[in-house]
Amino acid sequence: THGQAIQIFEDKLDKIAEKLGEKGIKLVIFAPLPVFRGVKDPALSWSCNKEWFRPFTSKSCISDFQEKRENIEERNQSIRDAFGRTESKYSNVHIYDPFDLLCPSKTLCTTIVDETKIFRDDDHLSRDGTRYLYKDFTEFLYTNNLLRSK
């Protein structure tokens, strides 16, 4: 069952965290990113990329590639809970959660944020999506003393 799979996953994650902690190694885990299951055809999302010959994206780029935030959150909740339990048990574990950046709306998540196509399909960040997270992720690393300035 799903619950058993989550428990097995969490047990293995705990073992990894414990072994790394014994060696003084920090573990950074990315919380689940939005996964769009309601999109019409994720393979067509390439046509939503701004190009020199297509400087504007159509309204369908947003409407065709969106899903209710609550649906995405519900699908991710059990894994988020498992990550949270592991983080609370091990001081070397840090969870990076960019969900609110990737889905700033309280009602709908889209593959385009601030006119930037941040997902290349229904569940992978685009090159621009990784750039979109760069500053926030770097700040997370500094805040948690996981990265030192030169």
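The values are calculated or read from the model by the stated rules, or taken from the named source; none is laboratory data. Just so you know, these numbers come straight off a predicted model, no measurement behind them. Note that we place each Cβ from the backbone using ideal geometry, even for glycine, and neighbour counts take in every protein chain shown. These accessible areas exclude ligands, DNA and RNA; they are computed on the full protein's heavy atoms, side chains included. Shrake-Rupley method; radii C 1.70, N 1.55, O 1.52, S 1.80 Å.
Some points to look at:
- Of the residues examined, L133 is one that is in contact (Cβ under 8 Å) with a residue 12 or more places away in the chain, within 21 Å of I95 (Cα to Cα) and surrounded by 13 or more Cβ atoms within 10 Å (Cβ to Cβ).
- Residues that are modelled with pLDDT under 90, closer than 24 Å to L141 by Cα and of a type in the set (V, I, T) are absent from region 13-31.
- Any pair with Cβ under 7 angstrom, 6 or more apart, that starts in region 136-150 at a residue that is within 21 Å of L102 (Cβ to Cβ) and ends at one that is aromatic (F, W, Y): F137/Y96; F140/Y96
- Among residues of region 102-118 that are closer than 15 Å to E74 by Cβ and among the hydrophobic types (A, V, I, L, M, F, W, C), those with a Cβ under 9 angstrom from a residue that is modelled with pLDDT under 90 and assigned to a loop (DSSP other than H, G, I, E, B), sequence gap 6+ or separate chain, pair up as C109/F36.
- A search for C-beta distances below 8 Å between a residue of region 78-91 that is closer than 10 Å to A17 by Cβ and in a helix (DSSP H, G or I) and any residue that is open to solvent by less than 50 Å² (accessible area, probe 1.4 Å) and aliphatic (A, V, I, L, M), counting only pairs 6+ apart in sequence or on different chains, returns T86/L13; T86/A17; T86/I29; T86/V93; E87/I29; E87/V93; E87/I95; K89/A17.
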